[in-house]
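See below for the structure under consideration.
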Amino acid sequence: MGLRSMFVRGEAPVASAPAPSEAPADLAGVTRSPVGGHAVVETREVTKVYHMGDVEVQALKGVSLTVERGEFVAIMGASGSGKSTLMGILGCLDRPTSGTYLLDGEDVSELDRDELAWVRNQRIGFVFQSFNLLPRMTALKNVALPLLYSPEDLEGDETPEERALAALETVGLAERVHHRPKELSGGQQQRVAIARALVNRPAIILADEPTGNLDSRSGQEIMAILDGLNRQGVTMVVVTHEDDIAAWARRVVRLHDGEIVLDEVRR
């Protein structure tokens with residue numbers, strides 16, 4: 001449950017995204033084939049209410065949101081808008097107080113803790129602002145770690161290291177596989193985190209302020225990688241408060257006081 005703590009109305013127009021400076025390698029062997037014709041994410045009248053003593057706080061007020069397979073969506077909002085709460089629910093780190101959440105066609109609203117842990121490992125790839133890499137493990141071992149909890153996801157004689165290496169090659173880090181996090185730049189550490197998010201072939205990648213700890217150049221390089229992955233079919237949802245980061249998305253959803261106040265396709 002420690003991951004839950006990681007998820008904590010501006011009107012400026014979203015600028016056009018810059019051209020990708022670096023495209024990721026081909027995803028063959030890294031992502032799974034789409035299944036079914038349903039949306040990847042569908043929330044129906046989702047609410048979240050927190051009780052702080054005698055005070056009731058409505059963090060989400062009837063949020064209905066659909067993310068189709070292959071979309072790139074940016075969720076924006078000021079502090080207290082509900083975007084972090086929504087991200088926690090989409091990531092199965094929290095349950096809605098009421099309403100329904102379908103992830104890849106399955107109702108996950110009422111799953112128990114163990115079932116939600118399985119969903120997080122198998123269906124969702126997480127990218128966090130602070131990377132969340134294990135410091136004593138190499139890049140290769142950090143990326144392979146999720147596969148240790150789901151060896152059945154491997155194909156034939158494939159090993160976790162082979163799958164992890166393919167993911168690292170996808171993000172351009174094939175020459176850094178034996179480096180530990182302290183031997184990598186911030187941008188390289190975030191690439192490792194993206195590779196780890198890909199390794200179990202999730203239905204969706206959720207990125208929470210993925211450039212927040214990076215300088216502007218490294219941030220744009222990371223967004224170029226996420227953009228390239230999306231163009232190869234990976235469904236992407238990014239939470240951000242920065243317009244230049246949201247500009248990479250092709251759809252922007254803006255929250256204010258727990259409600260969606262803007263849902264706009266940009267390009």
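Throughout, read-outs are computed from the coordinates displayed, never taken from laboratory work. The structure presented is a predicted model; accordingly, all values stated were derived computationally and were not measured. Because the Cβ atoms are built from the backbone with ideal geometry, glycine has one as well, and the counts that use them run over all protein chains shown.
Remarks
- Gap separating the Cα centres of the stretch 131-190 and the stretch 51-105, nearest whole Å: 30
- Each Lys or Arg adds one and each Asp or Glu subtracts one; over the other residues with Cβ under 15 Å from the Cβ of residue 161, this totals -2.
- Least to most buried among 38, 178 (fewest other Cβ within 10 Å first): 178, 38
- Average silhouette area of the stretch 207-267, convex hull of alpha-carbon atoms, in square nanometres: 4.4
- Straight-distance candidates among the lysines for linking to residue 141, with alpha-carbon spacing under 29 Å and chain neighbours fewer than 8 residues away dropped: 182.
- Above 14 Å, the calculated P(r) of the stretch 81-143 contains 63 percent of its Cα-Cα pairs.
- Antiparallel DSSP beta bridges within the chain, as percent of all bridges there, nearest 5: 55
- If you look at the Cα atoms of the stretch 38-104, you get an Rg and a Dmax of 12.4, 43 Å.
- For the stretch 62-169, pairs of C-alpha atoms spaced more than 23 angstrom apart make up 42 percent of the total.
- Radius 11 Å from Cβ of residue 219, net charge of other residues (Lys, Arg +1; Asp, Glu -1): -4
- Cα convex hull of the chain - mean projected area over all directions, nm²: 14.1
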